[in-house]
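Only one structure is covered here, and it is reproduced in the block below.
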Amino acid sequence: MSTIYDIKDISFAYPTLARKVLDGVSLEISEGDVLSILGRNGAGKSTLLGCMLGLLKPQEGETVLSGRNLRDMTEREVATIAGYVPQNHIPAFGHSVFDFVQMGCASRIGIFSHPGKREREDTASALLEMGIEQLADRPYTEISGGERQLATIARAIVTRPRIVLFDEPTAHLDFGNQIRVLRIIKQLADKGFAVVITTHNPDHAMLLGGHAAILDRQGHLVSGKTEEIITEDSLKRVYGSDLSLKYIEEFGRKVCVYPNL
């Protein structure tokens, strides 16, 4: 499988902070990979995604996206390869769900051009893939939070990028919608998309499988196979809590549990 992201020793610091948020971070992500990035609040998970999208510029190191140095690429060029689902999209205008999703085609439409037949067909296909085709004519401002998240995912995949980056996609969802979004993420990976997801929940990473990475408060990142990275010792170090991993025979997998309050 070909490499999509080759991140080499990047370091990033905000002008207002004395410490580095990312310090010598390296990652390689290939087609079909699933990577779950865990870490405490403020560890720099969203900052890492910002650097991967070219929205933030690391002071050291380099990122190669699909064979090109990210510094040499425009935002439109990046968007044709990497889709992005933000942590929480706050609706500002009452666009229809169809029009909102179709906006994801902007990276391949000329500045003075309008969406054509191909864009309309791709938008309808993305809505169908997310199971929200019945919402096409509804105002985006009037659908539920879970439905908005599905519409945002549809917008991210409408042009069929090679990789989709999810920034804590379940953070503002109820339990049922969390599971629904995780299933969709898993299905996207099964269809060949590479997927990166940031999360606070070790169970989500274990459900998705694939690879995992842990980012600590010193800006250091370790990555590998999920079962090798997510251990009781690593969870205790990251979260500072007495967490345990227990195998549940009925589910056929490990779950993360914690003691009584």
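A short reminder: the numbers here are calculations on the coordinates, not readings from a lab. Predicted model, so just to flag it, every value in this text is computed and none were measured. Using ideal geometry, Cβ is built from the backbone for each residue, glycine included, and neighbour counts are taken over all protein chains shown.
Note on region 1-130: Kirkwood hydrodynamic radius from all Cα pairs is 16.9 Å, rounded to one decimal. Taking other residues whose beta carbon is less than 13 angstrom from the beta carbon of Thr63, and scoring Lys, Arg as +1 and Asp, Glu as -1, yields -2. When the alpha-carbon atoms of region 142-261 are used, the pair Rg, Dmax equals 15.4, 47 angstrom. Legend: helices of the chain (whole DSSP H runs) are marked when their alpha-carbon atoms reach 24 angstrom or more along the helix axis and their mean Kyte-Doolittle hydropathy is at least 1.0; nothing is marked. Taken over region 74-172, the alpha-carbon convex hull comes to 100 cubic angstrom per residue.
Between Gly176, Gly32, Gly192, the residue with the greatest mean-square fluctuation in the GNM of the chain (Cα pairs under 10 Å linked by springs) is Gly176. Summing Lys and Arg as +1 and Asp and Glu as -1 over all other residues whose Cβ lies under 13 Å from the Cβ of Arg253 gives a net charge of -2. Structure note, pairs Lys225/Lys246; Lys186/Lys246; Lys57/Lys236; Lys45/Lys236: Cα-Cα distances above 25 angstrom occur for Lys57/Lys236.
About its Cα centre, the dipole of region 119-185 is roughly 180 debye, where the only charges are +1 on Lys and Arg Cβ and -1 on Asp and Glu Cβ. Annotation: amide H of Val195 within the under-5 Å range of Asp33, Val34, Leu35, Val164, sequence separation 5 or more or interchain, hydrogens built in the peptide plane.
In this simple spin-label approximation, His220 and Glu142 carry label points 7 Å from Cα along the Cα→Cβ vector, and these lie 5.4 nm apart. The modelled label-to-label distance between Ser30 and Glu232, using points 7 Å beyond Cα along the C-beta direction, is 3.3 nm. Restricting the calculation to Cα atoms, the chain shows an Rg/Rh of 0.97 when the hydrodynamic-style radius is the Kirkwood one.
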